[in-house]
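K.L.:
After the structure tokens below, expect a handful of questions from me.
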């Protein structure tokens, strides 16, 4: 089976490609970018020889339809998107990429005449509102949508798009909703700051987390695993799943980093302003349909991330452009 990964040069996309390669598949990697540096960092320097690379814009419907047909794609894992800051800066372009781009993916699946067995895509806990709008406890999959960002609005639109394509065209789909993803390759977006703090720790630089409070942190490899499990499922309908990792205060994240990397003690600070998102997700439905899946413990995920950054620094390959 040939799997198309859109946004393959991004963080989660690179981990998905790595996982597909480990299963013996040669995925089709679709991205508008020219430099697959994250992909090489995560999946190996020879990754471009082991995947089929196609450069294209997710906002170009004909390009998306064309790549699905040209490579006899049977499953699409759709990850191409702009993150919160870019959507805030240019909402119109953000909607074009995030909403129209997702519609293009479903149109490509429809145009394939039944050959595409499933569309799997990244939604987000940004579809929900701040904790004060909900009862205490982890948020269920069916909690009301109250997005507070353009990005969250676009994700709500994408989930609804998936439902309509099932109802009208019987295209099976699964979306997954992580909240704060961390790990190697995570360098863009509001919730990227814990990973940037780990990179700063390895480099011995001071760093301030731009938000505080608590969040639901999930290691990026766990998100890739959820996407692959969803892509292999035989479930019908348009389904959406919350993903739960570790519910933790940012102050505790700092302490975990300092414990794992003692040289960073005193270098990392955080502000007290919490993000306008939920602090804990209930993933009972995911565990029932696609599990059981034990999330990576925070201490283990932090350790793996620091070790990977240290290895890259030793090799002179640790990219620090996002640290300024």
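The values are calculated or read from the model by the stated rules, or taken from the named source; none is laboratory data. Just so you know, these numbers come straight off a predicted model, no measurement behind them. Glycine gets a Cβ as well: all are built from the backbone with ideal geometry, and neighbour counts include every protein chain shown.
K.L.:
Restricting the search to the range 155-183, which residues are farther than 30 Å from residue 199 by Cα and in contact with a helix residue (DSSP H, G or I) (Cβ under 8 Å, 6 or more places away or on another chain)?
P.N.:
Listed by number, the residues that qualify are 156, 157, 158, 159, 161, 162, 165, 169, 171, 172, 173, 174.
K.L.:
Sticking with this structure for a sec: Identify the residue in the range 184-206 that is in contact with a helix residue (DSSP H, G or I) (Cβ under 7 Å, 6 or more places away or on another chain), more than 14 Å from residue 302 (Cβ to Cβ) and surrounded by 19 or more Cβ atoms within 10 Å (Cβ to Cβ) and, among all such residues, is modelled with the highest pLDDT.
P.N.:
The residue in question is 185.
K.L.:
Criterion first (touching a strand residue (DSSP E or B) at 6+ places or on another chain (Cβ under 9 Å), surrounded by 15 or more Cβ atoms within 10 Å (Cβ to Cβ) and in a loop (DSSP other than H, G, I, E, B)) does residue 77 satisfy it?
P.N.:
no
K.L.:
Just for the range 31-59: of the residues that are without any contact (Cβ under 8 Å) to a residue 24 or more places away in the chain and assigned to a helix (DSSP H, G or I), which one is nearest to residue 155 (Cα to Cα)?
P.N.:
40
K.L.:
I'd like to know if the range 190-201 contains one or more residues that are in contact (Cβ under 8 Å) with a residue 40 or more places away in the chain and more than 24 Å from residue 272 (Cβ to Cβ).
P.N.:
There is no residue in the range 190-201 that is in contact (Cβ under 8 Å) with a residue 40 or more places away in the chain and more than 24 Å from residue 272 (Cβ to Cβ).
K.L.:
Give 262, 276 a once-over and let me know the one that is out of contact with any strand residue (DSSP E or B) (no Cβ under 7 Å at 6 or more places or on another chain), modelled with pLDDT under 95 and surrounded by fewer than 21 Cβ atoms within 10 Å (Cβ to Cβ).
P.N.:
Result: 276 is the single residue among 262, 276 that is out of contact with any strand residue (DSSP E or B) (no Cβ under 7 Å at 6 or more places or on another chain), modelled with pLDDT under 95 and surrounded by fewer than 21 Cβ atoms within 10 Å (Cβ to Cβ).
K.L.:
Something else about it: With the requirement that a residue be at pLDDT 95 or above and in contact with a helix residue (DSSP H, G or I) (Cβ under 6 Å, 6 or more places away or on another chain), what does the range 208-220 give you?
P.N.:
Answer for the range 208-220, where residues must be at pLDDT 95 or above and in contact with a helix residue (DSSP H, G or I) (Cβ under 6 Å, 6 or more places away or on another chain): 219, 220.
K.L.:
Then there's this: If you check 72, 62, which single one turns out to be surrounded by fewer than 23 Cβ atoms within 10 Å (Cβ to Cβ), assigned to a loop (DSSP other than H, G, I, E, B) and modelled with pLDDT of 95 or more?
P.N.:
Unique residue meeting the criteria: 72.
K.L.:
Looking at the range 207-236, which of its residues are surrounded by fewer than 24 Cβ atoms within 10 Å (Cβ to Cβ) and farther than 23 Å from residue 279 by Cα?
P.N.:
228, 229, 231, 232, 233, 234, 235, 236
K.L.:
From the residues in the range 107-121 that are within 16 Å of residue 2 (Cβ to Cβ) and surrounded by 17 or more Cβ atoms within 10 Å (Cβ to Cβ), which one is farthest from the chain's Cα centre (by Cα)?
P.N.:
Among those residues, the one meeting the criterion is 112.
K.L.:
Still on this structure: Which one is nearest to the chain's Cα centre (by Cα) among residues in the range 162-183 that are more than 30 Å from residue 307 (Cβ to Cβ) and buried (at least 19 other Cβ atoms within 10 Å of the Cβ)?
P.N.:
175
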